[in-house]
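First up is the structure itself, then whatever we jot down about it.
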Amino acid sequence: MKKTKFIFVTGGVLSSLGKGLAAASIGALLKARGLSVSLQKLDPYLNLDPGTMSPFQHGEVFVTDDGAETDLDLGHYERFVGVPMSHRNTYTAGRIFTQVLNKERQGAYLGGTVQVIPHVTDEVKAAIRSAASPDLDVLLVEIGGTVGDIEGQPFLEAIRQLKNDLGKNRCLYIHLTLVPYLKTSGEPKSKPTQHSVKELRSIGIQPDIILCRSEEPLAQDLKRKIALFCDVPQDAVFSAVDVRNIYEVPLTFHREGIDNKVARLLRFKGVPDITPWRRLNERLNNPRHEVLIGLVGKYVALGESYKSLNEALTHGGLESQCRVLIRHVNAEELKPRNLERHLGELDGILIPGGFGDRGVEGMILAARFARENKRPFFGICLGMQCLVVEFARNVAGLPEAASEECNPQARDKVIYLMTGWYNHRAERHETRSHLSDLGGTMRLGSHPCRLASGTLAHRAYRETEIQERHRHRFEFNNAYLDLLSRKGLKFCGLSPDKALVEMVELPEHPWFLGCQFHPEFKSTPMKPHPLFRDFIKAALAFRQAKAAPA
Ligand code: GLN
């Protein structure tokens, strides 16, 4: 059994400095040394999980195999380190407090006064240890928020205590700060970093390494100054400079020597093989082709809402050396008369997941445009549901077809609330103790799906049974299966018991496919997802055919 070592990553000055990416990149570099690595995110907010938070507030909800609804940083962890995350890899303060309060009700504290120290901090420490399996060399633990936030205090106190519990040779503290460049004085400023490290030290945590986000690499004398004020050796102060694409971060960190420093401090041996990261960046930076994909959705103003999707599209272009440009199309603006203007230029159309009825009529119009104009089309979750409604209305002669989510009174609810799934769960007496009632009402996590041979789906996966991640309440209504298949819709992926439709496609079309699951959660740059790869190939073929002289 290995003695897992722990790297705690905290952040100072302001949020959104890319702590998640920094942790993921250090994880990737340690993995490149042959170490077994995992990551964990501790979020100081009080929601039990981000499942009930609006994408406008919190960005994407990332779903793990075991059905946890998590922070989007877990998506970065999976993409950079390639290990599947689970509900153990993420805890919010809300979940920690709930566990403590449940124990209190059960009498676990034997009549004692329940306090932040030691009861909440013990729960945090147990949560951290729960993510460290016996075969793990290193666990990187990212503390959400910024040092100084009231909510973050119990987490910081817990990681401070862990150094004594585990021994200092097994713990390393990395603090990420910002070194802003002040135009008026023409110099980068170290004061915010000094203050944030002071704040960290006031609760007893002395960082071992300081990572400074900055536009330009820090000069040696600035590093010297930060080292002096923050009581670290000068070679423990690093610049984390802005990069063109996120997959450059491991390379820039390696160039700076960050992973070497971490390895030395934690006594890890070996040299990293970063060739795969070099190759990836060469490919990303030297594309030979380009496609324009339209993302027709409701949260289009916010890139954070479709994080995994954007990444999966980029990965999808790697094999065909194709840069994927994404145009966000606001579904609410689409009308029958303006489709050509909004969608005409696109090489492929993608409708992502979503909730509620806002923009859905526009998405259905986009699906129709793609079907009629033989434009490559990929419908994910809500996108598949729109595809089905469109087909039912305009091909299968059901003009009043709708999804129950948008119109509970519709005559033909081709997409309806998944009662079958709930019964199935009730039979298995499934409970999800770590999720709230609202959060627990969806079909979540990884489920198997069987693919019909000779289909686009089967051609993409080259497998007959796959596992994909879900997050939805509504499903295809099997009462319409016969009619729709007679009219030409191919039900190419079903659950193994054939009870649930997971994938549909159109044979008379270059590439027109919908899936009820979210393939974007499983795509990584080292292992691009086959559906995204084939969608981009189809979009590229469309573009090249368009450019070719008639
Ligand atoms: N709102 C739809 C449902 O609940 C689709 C969900 C999604 O796209 N993630 O079934």
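The values are calculated or read from the model by the stated rules, or taken from the named source; none is laboratory data. A quick note: this is a predicted structure, and the numbers were derived from the prediction, not measured. Note that each Cβ is placed from the backbone with ideal geometry, even for glycine, and that neighbours are counted across all protein chains shown. Quick note on the areas: whole protein, heavy atoms, side chains included, nothing else; ligands and nucleic acids left out. Shrake-Rupley method; radii C 1.70, N 1.55, O 1.52, S 1.80 Å.
Restricted to the stretch 280-309, and to residues that are in contact with a Cys (Cβ under 7 Å, 6 or more places away or on another chain) and not acidic (Asp, Glu), which residue is least open to solvent (accessible area, probe 1.4 Å)?
Of the stretch 280-309, the ones in contact with a Cys (Cβ under 7 Å, 6 or more places away or on another chain) are 287, 289-291.
Next cut, not acidic (Asp, Glu) only: 287, 289, 291.
Working: Pro287: 38, His289: 63, Val291: 0 Å².
My answer is Val291.
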Looking only at the stretch 124-154, count every residue that is crowded, with 20+ Cβ neighbours inside 10 Å and on the phi < 0 side of the Ramachandran plot and tell me the total. 16
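Please work out if Leu398 is within 29 Å of Ala538 (Cα to Cα), at pLDDT 95 or above and either away from the ligand (no atom under 13 Å from the Cβ) or surrounded by fewer than 16 Cβ atoms within 10 Å (Cβ to Cβ) (or both).
Numbers: within 29 Å of Ala538 (Cα to Cα): no; at pLDDT 95 or above: yes; either away from the ligand (no atom under 13 Å from the Cβ) or surrounded by fewer than 16 Cβ atoms within 10 Å (Cβ to Cβ) (or both): yes.
No.
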Which pairs turn up if I take residues in the stretch 234-247 that are touching a residue at least 24 places away in the same chain (Cβ under 8 Å) and look for partners that are loosely packed, with under 15 Cβ neighbours inside 10 Å and in a loop (DSSP other than H, G, I, E, B) with beta carbon separation below 9 Å, at least 6 apart in sequence or on another chain? Asp235/Gly257; Phe238/Gly257; Ser239/Glu216; Val241/Glu215; Val241/Glu216; Asp242/Glu215; Asp242/Glu216
Please go through the stretch 69-94 and give me each residue that is on the phi < 0 side of the Ramachandran plot and either part of a loop (DSSP other than H, G, I, E, B) or touching a His at 6+ places or on another chain (Cβ under 6 Å) (or both), ordered by number. Asp71, Leu72, Val83, Pro84, Met85, Ser86, His87
Among what's in the stretch 231-279 and is out of contact with any helix residue (DSSP H, G or I) (no Cβ under 8 Å at 6 or more places or on another chain) and of a type in the set (Lys, Arg), pick the residue that is most open to solvent (accessible area, probe 1.4 Å). Arg255
Residues in the stretch 470-492 that are charged (D, E, K, R), away from the ligand (no atom under 16 Å from the Cβ) and open to solvent by less than 30 Å² (accessible area, probe 1.4 Å): how many? 0
Would you be able to say whether some residue in the stretch 74-95 is under 16 Å from Ile159 (Cβ atoms), open to solvent by 30 Å² or more (accessible area, probe 1.4 Å) and among the basic types (Lys, Arg)? no
Which pairs have Cβ atoms under 7 Å, sit 6 or more apart or on different chains, and link a residue in the stretch 1-16 that is more than 18 Å from Leu178 (Cα to Cα) and touching a residue at least 40 places away in the same chain (Cβ under 8 Å) to one that is surrounded by fewer than 22 Cβ atoms within 10 Å (Cβ to Cβ) and of a type in the set (Lys, Arg)? Lys3/Arg170; Lys5/Arg170; Phe6/Arg170
Please determine whether any residue of the stretch 16-37 is within 14 Å of the chain's Cα centre (by Cα) and of a type in the set (Lys, Arg). no
All positions within the stretch 506-520 that are open to solvent by 10 Å² or more (accessible area, probe 1.4 Å) and either within 15 Å of the ligand (Cβ to nearest atom) or in contact with a Cys (Cβ under 6 Å, 6 or more places away or on another chain) (or both): His518, Glu520
State all residues of the stretch 336-356 that are surrounded by fewer than 21 Cβ atoms within 10 Å (Cβ to Cβ) and either away from the ligand (no atom under 16 Å from the Cβ) or closer than 21 Å to Leu292 by Cβ (or both); if no residue qualifies, say none. Pro336, Arg337, Asn338, Leu339, Glu340, Arg341, Leu343, Gly344, Glu345
Filtering the stretch 205-230 down to residues that are in a loop (DSSP other than H, G, I, E, B) and modelled with pLDDT under 95, which residue is least open to solvent (accessible area, probe 1.4 Å)? Leu218
Out of Ala32, Ala24, sole residue that is open to solvent by less than 10 Å² (accessible area, probe 1.4 Å) and either without any contact (Cβ under 8 Å) to a residue 40 or more places away in the chain or over 20 Å from Gln206 (Cβ atoms) (or both): Ala24
